[in-house]
Amino acid sequence: MPAPIVFMSSVWDPKIWTDYMQAIDPALDIRLYPDQVNPADDIRYAVVWRPPHGALKTFPNLRCVFALGAGVDAIVSDPDYPRHVPLSRMIDDTLTQAMTEYVVLHVLYNHRRQRDFDALQRLKKWRYLSAKRAEDVRVGIMGLGVLGQDAARALKPLGYQLAGWSQSPKTLPGVESFHGAAGLTPFLQRTDTLVCLLPLTPETRGILNRDTLSKLPKGASLVNAARGGHMVSMDILALLDEGHLSGASLDVFEPEPLPPESPFWVHPRVTVTPHAAAATDPRAIARHIVSTIHGMERGEPPAARHLVDLAKGY
Ligand code: NDP
Ligand code: OXD
């Protein structure tokens, strides 16, 4: 009998994922949480996106949890997460490429003043606005992991001065590396366009606040494609109104969906997208999950590259 798998997501339509998984292996026994699951079921694997806290601990024979995305904050923040169970997250070229496209688009959008041109177009005003040369624009990427490194790689040929901030130092060609608490202020002080690609952890929650963003040079712009929980929204709105920030491209919010009354929707210097920077390709996820389950059933461990460090929370 194949090992039973539980699928838990209140956000995604399970059929998309289960169909792709069962197309690869029709024998997979996938049960939807909570309706198709009994406490007595010998559930071995869980495929999850924002699972209800406390739910995973009810499966004593769990061998692996698969996150349907790259960010695992909604899973590791569960105080009852069974910490002996490996958590595998999505690392996939299609996801990485999509995020890189979003970052390049919005770095250019802010640098080339496209928000201003869009406003002028609405007024039918033909007006030239100058932009700095790319080589004079300093882009700083917070988070130099899978996504941050690929974004840096794609921005490099455009000529930007690049730097990144991470927990540990990095050696990446053409990217100045800053790290740790001591590296944050000098990193911010040299950054004209700040791109946030950090995981959301207790250390990074609220990191985009008045104190940190005030260290950016006046007129800097912000691109946040990581998590809404990184932002102190009122601080960002105030810094935009004061002109300290010239613009913000925001893909993620807390809560999501962004409520209709949020000032972000209508702020003239803010570009909102609905957590659309980098959706995961369900076929790629299905291939990864099914091949990992097959390997684990043969006694192989899940691929180390995908494993979350539960102590670090990402
Ligand atoms: P990784 O885990 O590969 O990289 C995280 C990076 O952040 C690492 O460089 C790490 O440093 C750094 N970091 C973590 N904590 C700190 C800290 N306290 N101080 C300084 N640096 C820190 O993650 P990914 O690149 O795969 O993904 C990043 C995030 O992007 C996800 O967690 C998710 O929230 C978001 N995301 C958003 C999507 C969207 O559609 N908007 C889609 C996919 C992901 P070090 O390298 O030293 O460990
Ligand atoms: C992810 C996301 O973390 O889509 O993969 O936000």
- Tell me what the chain gives for mean residue ellipticity at 222 nm when only DSSP H runs of n ≥ 4 count, each as -39,500 (n - 2.57), the sum divided by the residue total, rounded to 500 deg cm²/dmol. -8500 deg cm²/dmol
- Going down the list K170/K218; K170/K215; K125/K215; K132/K170; K125/K156; K132/K156, which pairs span over 24 Å between their C-alpha atoms? K170/K218; K125/K215; K132/K170; K125/K156
- Message: What does the extension gain come out to for R122 and I24, with contour length at 0.36 nm per residue minus their alpha carbon separation?
- Response: 30.3 nm
- Query: Can you run phi through the Karplus equation (6.51, -1.76, 1.60; θ = phi - 60°) for the range 213-226 and list ³J(HN,Hα) in whole Hz, with x for Gly and Pro?
  - Reply: 5, 5, 7, 5, x, 4, x, 5, 10, 10, 10, 10, 10, 9
- If the convex hull is drawn through the Cα atoms of the chain, its volume per residue in Å³: 149
- Note on the structure: Rounded to the nearest 10 degrees, the helix 180-189 long axis (Cα) sits at an angle to the longest Cα principal axis of the chain of 30
- Rounded to the nearest 10 degrees, what's the angle between the helix 282-297 long axis and the longest principal axis of the chain, both from Cα atoms, 0 to 90? 40
- With a Förster radius of 25 Å, plug the Cβ-Cβ distance of H53 and D309 into 1/(1 + (r/R0)^6) and report the FRET value to the nearest 0.05. 0.80
- Efficiency of FRET from Cβ geometry, R112 and M234, R₀ 35 Å, rounded to 0.05: 0.80
- Query: Is the shape of the range 119-231 rounded, prolate or oblate, going by the alpha carbon gyration tensor and its root eigenvalues a ≥ b ≥ c, with a/c under 1.5 for rounded and a/b larger than b/c for prolate?
  - Reply: prolate
- Task: Calculate one ³J(HN,Hα) per residue across the range 300-308 by plugging θ = phi - 60° into the Karplus curve 6.51 cos²θ - 1.76 cosθ + 1.60, and present them in order as whole Hz with x for glycine and proline.
- Result: 8, x, x, 4, 4, 4, 8, 7, 7
- L222 long-range amide H proximity, modeled H, under 5 Å: L194, G247, A248, S249
- Long-range amide H partners of F7 with built H, under 5 Å: R31, L32, Y33, V47
- Relative to the longest principal axis of the C-alpha atoms of the chain, give the angle of the C-alpha long axis of helix 93-111, reported between 0 and 90° and rounded to the nearest 10°. 20
- Calculated FRET value between S10 and L105, using beta carbons and R₀ = 25 Å, to 0.05: 0.25
- For a label point 7 angstrom out from the Cα of H84 toward its Cβ, which stretches of the range 46-69 have the backbone nitrogen within less than 19 Å? 46, 54-66
- Note on the structure: Given all pairs of distinct Cα atoms, the range 179-303 yields a Kirkwood Rh in Å of 16.4
- Could you pull out every residue, at least 5 positions away or on a different chain, whose amide H is within less than 5 Å of the one on E176? Hs are placed 1.01 Å off N in the peptide plane, and Pro or chain starts have none. L162, A163, G164
- In the range 144-291, what % of DSSP beta bridges are antiparallel (nearest 5)? 5
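Rule-based calculations on the coordinates, nothing more; no lab input. Everything numeric in this text was worked out from a predicted model, so none of it was measured. Glycine gets a Cβ as well: all are built from the backbone with ideal geometry, and neighbour counts include every protein chain shown.
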